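Read through the structure below, which is laid out as structure tokens, and then see the notes.
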Amino acid sequence: MFTQITDPLGNIGLTCIVALIPVAFLLILLAVFRVSAWLAVLLGSIVTFILAAWVWKMPLDTGAQAYVYGSATGVWNVDWITFWGLVLFNTLGFSGVFENFRRWLISQGTLDVRVQTMLFAWAFGALLEGLVGFGYPWAVVAPILISLGLADLDAIRVAAIANNAPVSYGALGAPIIALAAVTGYPLLALSGSVGTVVAVLALLPPWVLIYLVSGKAGFKDGWPLAIVGSLGYILGQWPTSVYFGPYLPDVIGSIVCFVALLILLKVWRPSRILGYGGTPVDAAKMAEQSREHGLTTNELLLAWMPFAVLVIVVGLWTGPWSSLPAIGWYFVQVQALAPETKATISAAFKFAPWVGGSAILASWLIVAALLALAGKLKASDIGNIFAKTFQQMWGALLVGVFIFGLAYVFNYSGMAASLAKGFSYLGPWFVVVAPILGFIGVALSGSNTSTNAMFGKFQALVGVQLGMPTLLLPTLNSVGAEIGKPVAPQTASVGVSTSKFVRNEGEVIRHNFGWTLALLVYLIVIGVGFYLVNPGILSLH
């Protein structure tokens with residue numbers, strides 16, 4: 001078995017600097033030279049492999065195996081989910097049921113900008129993040145907000161800030177699945193740990209959103225919207241993440257949030273109807289509040305059907321009562337010994353045919369069949385759906401291949417252990433650094449999934465060396481990454497694709513930066529609070 005060399009250069013500070021070269025290299029390629037993400041990660045993985053073999057003396061044969069096993073894990077555990085999630089989303093678009101769902105949702109809101117923001121940016125944005133991720137919530141939600149009177153930059157910022165809390169469970173749980181793959185920690189335990197921190201985090205953004213669209217005046221009679229919006233999402237998100245896993249917290253959280261907000265609006269409305277900026281809406285416009293969606297009962301049921309199918313199929317397939325995800329047909333691994341912790345570091349691939357992505361495929365087959373029976377989907381549409389999905393996703397799919405190969409080599413060679421050794425000298429203060437690293441990682445890669453793959457094992461190793469709660473630092477890495485999404489160039493490039501800021505992501509990022517930093521500080525306070533007050537809740541039991 002290969003024994004890792006923790007300090008190959010005889011100076012832990014210098015060793016850490018060299019171990020950070022792949023990170024710096026990726027940052028320069030993405031942020032300075034604007035290289036495509038898939039190409040940047042491919043080049044970064046080559047640099048990582050060379051350093052691992054040259055400086056850390058990683059054997060070439062087992063190192064190559066680690067890279068291949070990592071790439072295979074990226075394809076089967078992450079790409080397989082995100083691909084079918086986007087196929088499902090595009091199917092809703094081609095069939096017209098997504099547009100019907102959007103029309104129905106718009107009809108439920110009043111002309112009050114606070115109500116619209118909670119329904120569209122917060123609840124609807126969480127649903128889109130849970131299904132697709134990758135910046136699509138910005139691209140879909142921002143034009144809706146602009147059409148309702150928000151200035152373009154402010155609409156994008158509102159969509160981005162609203163997207164903070166759901167990101168860790170985006171694309172049907174891909175970031176948490178990546179985190180479990182690289183750390184070796186149980187998927188359900190990590191899902192619950194992240195869900196617990198996200199539940200506390202989600203208490204704040206609705207208040208920020210109301211302030212952004214209506215100022216301080218919006219709080220006077222709009223505070224029930226913030227309370228019900230946050231608690232509604234948490235009521236669906238938290239138990240789903242803790243007891244069912246990472247696949248559906250956003251989807252169920254958004255649906256529960258919709259229901260809670262709509263019930264609230266049946267029994268209560270703000271005493272004033274405020275427009276963007278907190279200015280009252282005039283009487284003439286108030287007459288438009290009774291806008292009807294014009295959908296029949298069957299059309300409305302069909303618009304909700306895909307989400308119901310997804311929740312039922314994925315819930316039955318992946319829940320704790322199901323043995324399907326644990327079935328494996330093939331398993332390979334290479335191992336290394338970490339001398340600092342006496343732990344065995346494994347780079348493994350398990351081909352489990354009935355993983356979460358297969359559940360999404362089954363959901364899509366059922367939805368497609370029901371839409372075809374309803375006359376909403378033709379056979380010719382299927383080819384167009386797959387063509388559009390490949391066009392949208394081929395780069396992201398390649399990122400899944402290369403980032404996991406990079407991460408597995410980074411961990412197997414001992415580079416992650418070297419960083420962990422160096423950063424462990426910070427002692428308990430590292431609990432402040434952990435979410436910041438996640439924040440930087442997503443700004444670097446544009447992906448919570450990639451950030452977890454890159455830094456997840458390193459965070460776990462630091463936690464072991466410092467004797468911290470097992471899941472604390474990997475959890476803060478993931479949630480820190482979701483906080484950083486509004487300033488991630490890769491996400492912004494997708495998010496502005498339906499606005500006039502196409503190819504002007506820098507302006508958007510600057511506009512988002514202040515509130516994003518405020519939420520990062522809030523997360524650091526949450527992390528320190530859990531560490532000092534109730535550390536056991538983020539430990540493996």
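The numbers here are math on the coordinates, done by the rules we state, and not lab data. Quantities reported herein were computed from a predicted structural model and do not represent experimental measurements. Reconstructed Cβ throughout: ideal geometry from the backbone, glycine too, with neighbour counts over all protein chains shown.
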Checklist outcome for this item: P(r) of the range 422-489 over all Cα-Cα pairs, 10 Å bins starting at 0, rounded to whole percent, reads 27, 52, 20, 1
Checklist outcome for this item: Footprinting proxy, Asp112, Asp221, Asp61: sorted fewest to most Cβ within 10 Å, the residues are Asp61, Asp221, Asp112
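Find the lysine pairs in the range 312-465 meeting two conditions, Cα atoms under 24 Å apart and a separation of 8 or more places or different chains, and report how many there are. Show your work: numbers first, answer last.
Numbers: Lys342/Lys421; Lys342/Lys457; Lys350/Lys457; Lys376/Lys388; Lys378/Lys388; Lys421/Lys457.
Lysine pairs meeting both conditions in the range 312-465 amount to 6.
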Item to check | log₁₀ of I(q)/I(0) at q = 0.10 Å⁻¹ - the range 103-206, Debye sum with one point per alpha carbon | outcome: -0.31
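Need one number: the % of Cα-Cα pairs in the range 43-103 sitting beyond the 17 Å mark.
Values: 1095 of 1830 pairs.
Here the long-distance tail beyond 17 Å is 60 percent of all Cα pairs in the range 43-103.
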Next on the checklist: Angle check, please: helix 448-466 long axis (alpha carbons) against the longest principal axis of the chain (alpha carbons), in degrees 0 to 90, nearest 10.
Outcome noted: 50
Item to check | Spin-label pair Phe386/Leu20, simplified geometry with 7 Å Cα→Cβ offset, distance in nm | outcome: 4.6
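Over the range 1-71, what is the mean sequence separation of C-alpha contacts under 8 Å (at least six apart), divided by residue count, expressed as relative contact order in percent?
Values: 31 pairs, mean separation 24.2, N = 71.
Computed over the range 1-71, the figure is 34 percent.
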Item to check | For the range 420-487 and the range 109-184, distance of Cα centres in Å | outcome: 23
Next on the checklist: Just to be sure I understand: if I project the alpha-carbon convex hull of the range 305-378 onto a plane and average over all orientations, what area do I get in nm²?
Outcome noted: 7.5
Next on the checklist: For Lys220, give me every one of the lysines with a C-alpha distance below 27 angstrom, ignoring sequence neighbours fewer than eight places off in its own chain.
Outcome noted: Lys266, Lys285
Item to check | Three principal axis lengths of the range 1-97 [C-alpha, angstrom, descending] | outcome: 63, 36, 18
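Per 0.36 nm of contour for each residue apart, how much would the distance between Trp268 and Val432 grow if the chain were fully extended, relative to their Cα-Cα spacing?
Working: separation 164, 0.36 × 164 = 59.04 nm, distance 4.11 nm.
Here the answer is 54.9 nm.
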Checklist entry - Going by how many other beta carbons lie within 10 Å of each one, how would you line up Glu129, Glu99, Glu299, fewest first? => result Glu99, Glu299, Glu129
Checklist entry - So what is the calculated 222 nm ellipticity per residue for the chain, using -39500 (n - 2.57) for each DSSP H run with n of 4 or more, over all residues, to the nearest 500 deg cm²/dmol? => result -22000 deg cm²/dmol
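Take the Cα atoms of the range 138-178, build their convex hull, and give its volume per residue in Å³. Can you show the working numbers first?
On the way: hull volume 2.5 nm³, N = 41.
Measuring per residue, one finds 62 Å³ for the Cα hull of the range 138-178.
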Checklist entry - Taking only the alpha-carbon positions of the chain and ignoring solvent, what does the Debye formula give for the base-10 log of I(q)/I(0) at q = 0.10 Å⁻¹? => result -0.76
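Fewest Cβ neighbours within 10 Å first, please rank Thr516, Thr6 accordingly.
Working: Thr516 21, Thr6 18.
Least to most surrounded, the residues fall as Thr6, Thr516.
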Checklist entry - Cα axis of helix 60-73 to longest principal axis of the chain: angle in degrees, 0 to 90, nearest 10? => result 20
